[in-house]
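Since the structure comes first, as structure tokens, the remarks are kept for the end.
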Amino acid sequence: SNGVANLDLFMQAYTGDPTTVDRVSRESIRLEQPLLTMLISPQPDLLRELGEHPIFRQRGLLARIDFTMPESLVGGRDPDAPPVPPELRQAWCAALTRLLKIPMPPVGEAHTLSLSREAQAVFRPFQQTSENNLNPGEYYEDIVDWGGRVPGKAIRIAGQLHMLECAEAQTGDSWVWTDEISGPTMARAIEIASYYAEHALVVLDFMKNKGTGGDLEKVWQSIQRRGFSGFTLSDLHQSVRRQFEPPELLKVLRSLVDMNYLREVHRERTGKAGRPCSPLFETNPGKRTFNPNNTSQAAIPGNKLDSLYETEEVGFENEPTIEAAESPVTTPHVMPSGPDADCRICAVVTSGICSRHAAEAGMSFEDLP
């Protein structure tokens, strides 16, 4: 109302606390036990818009949402993908039907779920680690509001898994509340909560920076698809000219340099006349996929499952040969014999060897001058 978002219902429905919904022309509605489930699949532009309205985060609404940003299947979808197996659909429907038959507790009362000793032994270390990760410089430093709820999210997920497990195995009404949550169930809940935490880091950073991380990711993926180990600004611009003008692309590339994904090669002009040489870059062989939340290490700890932002550190000694796409800059390097006379990057860098050949020779990317 009056241009201010009314978030009270969303906030109270998260915990089932009583709330009153006031309406202008009709009577107010009193909800004693509000329950709300939201499943939203927004486009990136909507996430950018949410980032422009800090009230959603200040009031704690975003901290109550479990985010997931998996890799897009666009461009690789199977038109003949098999449907959901009938037996799986039937089992799911049967489990939900059993859950819906469980009597609700009287108004003002609640059933209680308990953790077994084994589940407590699994949960306590996770709870302490989550708390430690809220400190400055730690894992949840930039999402303290969301990270502070991670243990509670794990407990909620454990309760949901417990009820589904009981619904699959039993037929009575009281077994859900009398059986304790087991250790394996708690462990699975922690894995799921950790998955959501890793995605929350990406989504909330995306919203805070209004999507600027998307440009970094888009350019890095273009570099990886073409197998570039070394390239000039002009070379890469031919691939992304519809999305970026050269000055914009150069700014993104230098951001990737700051994040240790690229190394800019400084070279002197050989002649006095003519325009300057196009900026030259080479890739870090240890980087594979883009992770906007970690500028120096290869990956955020944990199991990212299907996260688009998972990264894999590849050791220099085990560096696989990458078949480069056709490029005026470089060709695939096969022999780990040091500098290559045919490599344009080796020919211009101060050290006399490019990062790809340095990796093959057992040298460190970061140690190159």
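Descriptive notes on the structure:
- Coarse-grained scattering of segment 40-91 at q = 0.14, 0.28, 0.31 Å⁻¹, given as base-10 log I(q)/I(0) from a Debye sum over alpha-carbon atoms: -0.64, -1.17, -1.22
- The tail of the calculated P(r) for segment 28-144 beyond 20 Å holds 74 percent of all Cα-Cα pairs.
- Spherically averaged projected area of segment 99-230 from its Cα convex hull (nm²): 12.7
- Spacing of the two label points (7 Å from each Cα toward its C-beta) at residue 46 and residue 121, in nm: 4.5
- Note on residue 254 and residue 222: the extension gain reaches 10.0 nm, defined as 0.36 nm multiplied by sequence separation minus the Cα-Cα distance.
- Entry note, segment 9-96: relative contact order of 19 percent, from Cα contacts under 8 Å with a spacing of 6+ residues.
- With the convex hull constructed from alpha-carbon coordinates only, segment 191-257 shows a mean projected area of 5.7 nm² over all directions.
- Alpha-carbon centroid distance for the pair segment 26-70 / segment 83-113, whole angstrom: 25
Laboratory data are not the source of any read-out in this text; all were calculated from the coordinates shown. For clarity, every value in this text was computed on a predicted model and none was experimentally measured. Reconstructed Cβ throughout: ideal geometry from the backbone, glycine too, with neighbour counts over all protein chains shown.
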